[in-house]
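Below you'll find the structure, written out as structure tokens, and then a few comments.
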Amino acid sequence: THFGFKTVAKEDKQKMVAEVFHSVAAKYDLMNDLMSFGIHRVWKRFTIDCSGVRKGQKVLDLAGGTGDFTAKFSRLVGESGEVVLADINDSMLRVGREKLRNLGVVSNVNYVQANAESLPFPDNTFDCIVISFGLRNVTDKDKALRSMYRVLKPGGRLLVLEFSKPIIEPLSKIYDFYSFNILPKIGEVVVNDADSYRYLSESIRMHPAQPVLKEMMTEAGFEQVSYYNLTAGIVALHRGYKF
Ligand code: SAM
């Protein structure tokens, strides 16, 4: 298959995203480290520091994949808290569950297969939702943001960590070259699947820029929405509150 992302119909996107993550699940963590030179760990650390999550709280790691955030939040919320790792893809969930079990993260974590567009939780459930490198894969982002807003408790916050628009022009060029020429090659060597990484590069390029995503979050009901550029805007962390 060739993932001609720009030419596919919207309803096919979900199927394509599913194929991509079934294909990369087993080597997902390794690929993350290789592709970002390990820097994704720093972006995730910063996100945790901005989360304000405390003992006893309830956190949703949405599109959580192999559960990097779940592991960290599980320690933060302690036995009296709860973390839900939700993902649409059962291959990613399986790899995540196995990894977390091996890390000894068990008692306060639950796993749910769910689509971000229609979250299967009651209103006002979570103190914090994090969606990390997940939103750009969602077909209807506005619908997903509204769904997240609904399941957040009043006073709760949403953190969106996602690839964004580099704020320095030369960097932007280097980055484009890296995404479209180097990344698919790494994908070919490590998971024998260049197409999946071509899809990822295209989805990164098409993802809304910082101010646009901020506007989308505000539209969905979030208040005091702000963002931080990380690594010169290659990645941005958006945060918004439900009051
Ligand atoms: N959050 C993890 C991280 O930061 O390493 C995993 C990110 S991974 C790049 C993207 C994840 O989003 C995949 O596990 C994929 O299955 C999931 N995903 C894609 N579309 C989704 C949807 N509509 N609802 C929930 N999860 C989705």
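Please identify, among ILE48, ILE168, ILE39, the residue showing maximal mean-square fluctuation in a Gaussian network model of the chain using a 10 angstrom Cα cutoff.
ILE168
To the nearest 20 debye, what is the magnitude of the charge dipole of the chain about its Cα centre, counting +1 on the Cβ of each Lys and Arg and -1 on the Cβ of each Asp and Glu?
Dipole about the Cα centre, nearest 20: 480 debye.
Checking the cross-link filter: which lysines have an alpha carbon closer than 16 Å to that of LYS58, excluding same-chain neighbours under 8 positions apart?
Qualifying lysines at Cα under 16 Å: LYS72, LYS153, LYS242.
Assuming 0.36 nm per residue, please report the length gained on full extension of the stretch GLU188 to SER226 beyond their Cα-Cα distance.
Extending this stretch completely gives an extra 10.0 nm.
Between ALA25, ALA116, ALA209, which gets the highest mean-square fluctuation from a Gaussian network model of the chain, Cα cutoff 10 Å?
Highest fluctuation among the options: ALA209.
How big is the range 5-241 by Rg and Dmax over its Cα atoms, in Å?
Final numbers for Rg and Dmax: 16.8, 48 Å.
Of the listed peptides 119-127, 154-162, 102-110, 56-64, what is their order by residue-averaged count of other C-beta atoms within 10 Å, with the highest listed first?
Packing order, densest peptide first, comes out as 56-64, 154-162, 119-127, 102-110.
Could I get the Rg over Rh figure for the range 107-213? Both from C-alpha atoms, Rh via Kirkwood, rounded to two places.
Using only Cα positions, Rg/Rh for the range 107-213 is 1.05.
Every number in this text was worked out from the coordinates using simple rules, so none of it is lab data. All figures in this text were calculated on a predicted structure; none of them were measured in a lab. Neighbour counts are summed over all protein chains in view; Cβ atoms, including those assigned to glycine, are modelled from backbone coordinates with ideal geometry.
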